[in-house]
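The values are calculated or read from the model by the stated rules, or taken from the named source; none is laboratory data. Quick caveat: nothing in here was measured; it's all calculated off a predicted structure. All Cβ positions, glycine included, derive from the backbone under ideal geometry; neighbour counts span all protein chains shown. Side chains are part of the model used for accessible areas, which takes the heavy atoms of the whole protein and leaves out ligands, DNA and RNA. Shrake-Rupley method; radii C 1.70, N 1.55, O 1.52, S 1.80 Å.
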Amino acid sequence: MNKMKKDTRTRNWAFVVYPESAPEKWRELIDENHVPWIESPLHDKDMNSDGTVKKSHWHILIMFDGKKSYEQVKEITNQVKASNPQKVANTKGMVRYFAHVDNPEKYQYDKKAIIGHVGADVASFFELTIAQKEEILEEIEDFVLENDITTFSYLIRYAKRQHPEWMDVLRKNSTIYLTALIKGIWQEHREQIHENRDTEG
């Protein structure tokens with residue numbers, strides 16, 4: 001009985017492009033495949049284990065609609081003189097690695113320097129999980145209650161300056177709830193002022 005041949009194809013592949021060997025218009029060559037792909041910032045501050053600086057490079061993630069074989073993707077990497085392609089099981093983890101977001105021991109590259117090509121949406125790879133949103137909301141709640149915040153505008157100004165990671169939750173998820181909480185604190189202050197006036201009178 002013949003054994004079924006294992007399907008080694010996959011949709012998502014990664015490879016590395018080196019400035020010193022890539023053709024001048026290497027990005028255009030990848031674009032010509034009409035497949036969404038993502039380019040990391042230039043990694044020019046990565047370190048080897050012996051303390052020397054690694055050769056500068058870009059990490060590339062290319063995302064096909066259907067499965068592609070190693071040989072098919074190798075045709076693209078050959079065109080741009082890149083490293084051999086590697087399968088990618090977790091695209092979100094790969095894109096986050098482009099800036100070393102989850103690797104604090106490594107140099108932190110600017111997430112804003114990650115570039116999406118041919119319609120690739122970089123921002124979607126950095127969307128917060130439900131658990132992360134809940135954690136941030138709890139931080140905001142504690143700040144509002146502990147500091148008796150009485151205006152939503154003050155909270156926004158503070159977040160923009162001190163905690164930009166709060167902004168996604170403030171804009172999209174919990175505006176009504178937090179506005180009600182802040183209004184409640186303002187009303188408590190107002191009632192306290194009236195009570196003090198009555199006592200003084």
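Each semi-axis of the equivalent ellipsoid for the chain is √(5λ) with λ an eigenvalue of the Cα gyration tensor; in descending order they amount to 50, 20, 15 Å. Solvent-accessible area assigned to carbon and sulfur over the stretch 97-162 amounts to 49 percent, based on a 1.4 Å probe.
Across the stretch 76-191, the fraction of Cα-Cα pairs farther apart than 26 Å, rounded to a whole number, is 39%.
Residues whose amide H lies under 5 Å from that of ARG11, counting only those 5 or more places away or on a different chain, are LYS68; hydrogens are built 1.01 Å from N in the peptide plane. Highest GNM mean-square fluctuation among LYS81, LYS92, LYS183, for the chain modelled with Cα contacts below 10 Å: LYS183. Taking R0 as 35 Å, what FRET efficiency do you get between GLN86 and ARG171 from their Cβ-Cβ distance, rounded to the nearest 0.05? After rounding, the FRET efficiency stands at 0.45.
Entry comment: accessible area of the stretch 12-104 is 53 Å² per residue, from protein heavy atoms only and a probe of 1.4 Å. Normalised by the number of residues in the chain, the mean separation of alpha-carbon contacts (under 8 Å, six or more apart) gives a relative contact order of 21 percent. Taking 0.36 nm per residue of separation and subtracting the Cα-Cα distance, full extension of the segment from SER153 to ASP102 would add 15.2 nm.
Suppose R0 equals 30 Å; then what is the FRET efficiency for ASP31 and ARG9 from their Cβ-Cβ distance, rounded to the nearest 0.05? Don't jump to the answer; show the numbers that get you there.
Working: r = 22 Å, r/R0 = 0.75.
Computed FRET efficiency for ASP31 and ARG9 comes out at 0.85.
Between the C-alpha center of the stretch 55-72 and that of the stretch 112-165 there is a gap of 32 Å. Calculated from the alpha-carbon coordinates, the stretch 19-114 shows an Rg and a Dmax of 14.0, 41 Å respectively. On full extension, the segment bounded by GLN132 and LYS54 gains 24.7 nm, given 0.36 nm per residue less the C-alpha separation.
For GLN162 and MET47, a Förster radius of 30 Å and the Cβ-Cβ distance give a FRET efficiency of 0.45, rounded to the nearest 0.05.
A DSSP coil position with no more than 15 other Cβ atoms inside 10 Å describes the following GluC sites (Glu not before Pro) in the stretch 58-123: GLU105. Taking the chain as a Gaussian network of alpha-carbon nodes connected by springs under 10 Å, the highest mean-square fluctuation of the residues HIS57, HIS34, HIS163 belongs to HIS163. Pairwise Cα distances in the stretch 153-193 exceed 15 Å in 47 percent of cases.
Our summary of shape: the Cα atoms of the stretch 89-140 have principal axis extents of 36, 29, 23 Å, ordered from largest down, in whole angstrom.
Extension gain for the segment GLU141 to ALA180, taken as residue separation times 0.36 nm less the Cα-Cα distance, is 12.9 nm to one decimal. For the residue pairs LYS25/LYS68; LYS87/LYS133; LYS112/LYS183, the alpha carbons lie more than 26 Å apart in LYS87/LYS133; LYS112/LYS183. Largest to smallest in accessible area, the residues MET47, MET94, MET167 fall in the order MET47, MET94, MET167 (1.4 Å probe, all protein chains included). Largest GNM mean-square fluctuation among GLU146, GLU20, GLU135, using the chain with Cα springs under 10 Å: GLU146.
With all pairs of different alpha carbon atoms counted, what Kirkwood hydrodynamic radius in Å does the stretch 71-114 show? Don't jump to the answer; show the numbers that get you there.
On the way: mean 1/r = 0.0821 Å⁻¹.
After inverting the pairwise mean of 1/r, the radius is 12.2 Å.
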